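The values are calculated or read from the model by the stated rules, or taken from the named source; none is laboratory data. Quantities reported herein were computed from a predicted structural model and do not represent experimental measurements. A quick note on method: Cβ atoms are made from the backbone with ideal geometry, for glycine too, and the neighbour counts reach across all protein chains shown. The area values use the complete protein model at the heavy-atom level, side chains included, leaving out ligands, DNA and RNA. Shrake-Rupley method; radii C 1.70, N 1.55, O 1.52, S 1.80 Å.
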Amino acid sequence: MPTQIDTLPAASQPCMLLHGLISTPGEFTTVRQALERQGAQVFTPSLEGYSYTPGMSASKWQEWLEAARRELYAYTDAHGPVVLGGLCVGAAIAMALAAEEPKRVAGLVLLSPTLFYDGWGLSRWLNLRHIGYHLPFLAKWIRIDEREPYGVKNPQIRKWIAREMRQQSLSSAGAAKLPLWAIREAERLMKHVCKALPTIRAQSLILHAREDEVASLKTPHYIMQTMGTRDKKLVVLENSYHMITLDNDRHTVVREMAEFLRRPIAVPQHVEVTAGQRAAATHNTIELGNTVCQPL
């Protein structure tokens, strides 16, 4: 198990965190506990059709978004506007909601955000995924095995995750196998988010590992370039892979999140985006990552 994170100054801004693709809120256990020890309110919901369940059926990204919206509405009705965050594809869902629900999302915390699958550690089979996307039978049944390094640079934590993978179909780093249909829907969501980025006015914190094996620094750089808000900060982590909530830099992740949650955050208002801004976002996406913009 990861070691306990040292005590940090209190945080008070309510926070809702969305886990990665076909995984569970367990990805946030270490970070959530560290923040809660300081009085932070951290909510890590499961989402119907998106969170891992044994034998789960295929679902659409729009269903994921609506499931997250229901949780956001319930939480903000009780606590007011929140800082919304997510890991990997969960960060994409968070950005989509921030664009559509600006009065409920006071800020964004984007952990290893993924808008382009271009990391150094991806399975060679993933390069053939677009063939399966257009063959529904294949997309429904093909599963891609998770493999070393499981998103983790720390060798001790990696061994612990590998043991969980062997013993069961799920670990703290996610499912042992990812269905092709889920990867397809994730990329469709990414395309949607790329178009919506110029409309986002929420203050944003982005944390991304330089050696992320799933998504390179192209994603956070693209977000910094395209997201509508001027109040955004990118922290590049130097000693982790994709699962930054579990890996060597998890202490830095907690510290940056705690500082962000302590900030006074103004709730952004909805801002109309001009056709020129949308066209620029589309141009930037095509320039920075053809994978997202090709028809899926």
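Restricted to region 154-264, the set of strands (runs of 3 or more DSSP E) holding at least 1 residues that are more than 26 Å from residue 133 (Cα to Cα) comprises 203-209, 232-237.
The single condition among (1) at pLDDT below 95; (2) open to solvent by less than 50 Å² (accessible area, probe 1.4 Å) that residue 270 does not meet is (2). Which residue is modelled with the lowest pLDDT, if the candidates are limited to region 23-80 and must be touching a Ser or Thr at 6+ places or on another chain (Cβ under 6 Å) and aromatic (Phe, Trp, Tyr)? Only one residue fits best here, namely 52.
Working carefully through the options 54, 45, find the one that is assigned to a loop (DSSP other than H, G, I, E, B) and crowded, with 18+ Cβ neighbours inside 10 Å. Going through 54, 45 in turn, the sole match is 45.
Every listed requirement among (1) more than 14 Å from the chain's Cα centre (by Cα); (2) farther than 27 Å from residue 248 by Cα is met by residue 189 save one, (1). Residues considered: 62, 41. Of these, the only one that is touching a residue at least 12 places away in the same chain (Cβ under 8 Å) and not acidic (Asp, Glu) is 41. Criterion first (in a helix (DSSP H, G or I) and polar (S, T, N, Q)) does residue 33 satisfy it? For residue 33, the condition - in a helix (DSSP H, G or I) and polar (S, T, N, Q) - is met. The sole residue among 123, 112 that is open to solvent by less than 50 Å² (accessible area, probe 1.4 Å), among the polar types (S, T, N, Q), modelled with pLDDT of 70 or more and over 13 Å from residue 212 (Cα atoms) is 123. For residues in region 133-165 being open to solvent by less than 30 Å² (accessible area, probe 1.4 Å) and hydrophobic (A, V, I, L, M, F, W, C), which is modelled with the lowest pLDDT? Step by step, filter region 133-165, then rank; the result is 139.
If I filter region 275-294 for residues that are closer than 30 Å to residue 158 by Cβ and modelled with pLDDT of 50 or more, do I get at least one hit? Looking for residues that are closer than 30 Å to residue 158 by Cβ and modelled with pLDDT of 50 or more, one finds none in region 275-294, hence no.
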